[in-house]
Amino acid sequence: MGRRKFIAGNWKMNTSRESAVQLARQLAAHLGRVEDVDIALCPPACYLLAVHEEIAGTRLALGAQNMHHEKSGAFTGEVSPVMLCDCHCTHVIIGHSERRQFFGEDDELVNRKIIAALSHNLNPIVCVGESLDQRESGKTMEVVGTQLRHALVGVRPEQLRDVTIAYEPIWAIGTGRVASPEQAEQVHAHLRSVLTSMYGADLSMVIRIQYGGSVKGDNAAGILAQPNVDGALVGGASLKAEEFIAIVLAGVPA
Ligand code: PEP
């Protein structure tokens, strides 16, 4: 099918300037020339430039963890897409469950942010995922399908290629409880079928769908081997160079 794996590290609200630089330096040294996997680092906004300096000229891309949808204005504490581009970001995570859960982001806001990111040539990594309650009551497919459809309202077919979807079951994020490869594949296949119904089979086959939720060096290979799993969005394990390197290497085609 020819979809390259895409591994992104979401550092969340962790690291100091010194440890962020150190981590970026280690990753640049070990992964900076890896050709068969796409890789992005998403440090806290205040360290974007410092991390950029370490990874500039390597194959590592820079991503932000969130953004506002307006270009500028009276939005105290927010960071705009223009600012992210100015800091050399090429990617931005949108609609992470922590943003939805703790900062009240709903499907409509997530959609606005995606449209704004695309209009500034930022590649959004769009997160969807169900809670444990929703999974246990059999609503997973309905929940993620609805999130995906809302997220992509107004996204034109020619823009879709710049979008990555991240399936992140909330019950697996930061819990150490990883979805089984089969559970991940089931949902990814469903998400691809939703994309097919919206954009047609040809386009849906080129869109990458990452899995996120307690991915580590020792479970990455099984998940990444699934036909509809095109990479990983990694939280906790992306803060440890050796773990993140192992995850990336698990994504290198045999
Ligand atoms: C995440 O926050 O996107 C994530 C997947 O976290 P973790 O890998 O720690 O579960």
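The values are calculated or read from the model by the stated rules, or taken from the named source; none is laboratory data. A quick note: this is a predicted structure, and the numbers were derived from the prediction, not measured. Note that we place each Cβ from the backbone using ideal geometry, even for glycine, and neighbour counts take in every protein chain shown. Remember, those area values only see protein heavy atoms, side chains included, never the ligands or the DNA or RNA. Shrake-Rupley method; radii C 1.70, N 1.55, O 1.52, S 1.80 Å.
Entry remark, the range 189-210: residues being touching a residue at least 40 places away in the same chain (Cβ under 8 Å), farther than 28 Å from residue 30 by Cβ and not in a loop (DSSP other than H, G, I, E, B) number 7 in total. Name the residues in the range 211-227 that are surrounded by 15 or more Cβ atoms within 10 Å (Cβ to Cβ) and either in contact with a Lys or Arg (Cβ under 9 Å, 6 or more places away or on another chain) or outside any strand (DSSP E or B) (or both), would you? Correct list: 213, 214, 215, 216, 217, 219, 220, 222, 223, 224, 226.
The requirement of being out of contact with any helix residue (DSSP H, G or I) (no Cβ under 8 Å at 6 or more places or on another chain) and either open to solvent by less than 50 Å² (accessible area, probe 1.4 Å) or at positive phi (or both) is satisfied by residue 125.
Only a single item in (1) aromatic (Phe, Trp, Tyr); (2) in contact with a Lys or Arg (Cβ under 7 Å, 6 or more places away or on another chain); (3) closer than 22 Å to residue 195 by Cα is not met by residue 171, and it is number (3). Being closer than 26 Å to residue 100 by Cα, among the β-branched types (Val, Ile, Thr), modelled with pLDDT of 95 or more and within 15 Å of the ligand (Cβ to nearest atom) holds for only one residue in 207, 170, 247, and it is 170.
Restrict the check to the range 228-238 and report whether at least one residue is within 12 Å of the ligand (Cβ to nearest atom), open to solvent by 10 Å² or more (accessible area, probe 1.4 Å) and over 15 Å from the mean Cα position of the chain (by Cα). Checked against the condition, which is being within 12 Å of the ligand (Cβ to nearest atom), open to solvent by 10 Å² or more (accessible area, probe 1.4 Å) and over 15 Å from the mean Cα position of the chain (by Cα), the range 228-238 yields no hits at all. In summary, helices (runs of 4 or more DSSP H) completely within the range 40-116 and bearing 2 or more residues that are touching a strand residue (DSSP E or B) at 6+ places or on another chain (Cβ under 7 Å) occur at 48-55. The residue pairs whose first member lies in the range 211-226 and is touching a residue at least 24 places away in the same chain (Cβ under 8 Å) and under 11 Å from residue 250 (Cα atoms), whose second member is assigned to a loop (DSSP other than H, G, I, E, B) and open to solvent by less than 30 Å² (accessible area, probe 1.4 Å), and whose beta carbons are closer than 6 Å, counting only pairs six or more residues apart or on different chains, are 223/229; 224/251. Checked against the criterion of being surrounded by 19 or more Cβ atoms within 10 Å (Cβ to Cβ), within 16 Å of the ligand (Cβ to nearest atom), on the phi < 0 side of the Ramachandran plot and touching a residue at least 60 places away in the same chain (Cβ under 8 Å), the range 98-116 has at least one qualifying residue.
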